[in-house]
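Comments concern the structure below.
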Amino acid sequence: MGFVMRWIASRRILASILLASSVTACGSVQNMMPDPASFRFPDRSVFLPTTSNSYAFPISPGTPVGPADLVDAQGLCAGAAPAPSDAASGSARGVSLNMTECEVVRALGQPQGVDVTPQSGGQRRVVMTYKAGERAGIYEFVDGRLTGIDHGNETPAAVAKKPPNKKPRPPA
């Protein structure tokens, strides 16, 4: 009978040790759980950059405009012979803001009209007019960089390529 009593006693001790450790474990698990009242959503700066410079390229060009980038009163670049327009050869290049005067002339050819006027503060303002071609319009430059394009009167071919602005109404 001594064996049975020792066996029961050892089982009770083992059970009490297991019970005590499980109660202790539950208490520590509760301490590891976050308190819902203290929960805070992350600040939006974690997901979005604080400045637009992080995901946008600067608009200003990297190189300064030199005398070789400017056109004269006839629309020719300094030291360059008049070249045929890329548009006339069938391989028209794109034109975008901040291009230099000569880059636009190389892309579109010699303009039909050029107006060079000095502005107050030493700025140079040039207006080049292209009366014919796929990219006919008025191109405005300030200090050698393209700042505005006004397509004005578009050619019939350009208008035909555009989708209609409004859908026809169904009959009532």
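Rule-based calculations on the coordinates, nothing more; no lab input. The structure presented is a predicted model; accordingly, all values stated were derived computationally and were not measured. With ideal geometry, Cβ positions are generated from the backbone for all residues, glycine too; neighbour counts draw on all protein chains shown.
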- Message: What's the ranking of 124-136, 6-18 by average number of surrounding C-beta atoms within 10 Å, highest first?
- Response: 124-136, 6-18
- Please give the contour-minus-distance gain from Ala37 to Arg11: 0.36 nm per residue of separation, less the Cα-Cα distance, rounded to one decimal in nm. 5.1 nm
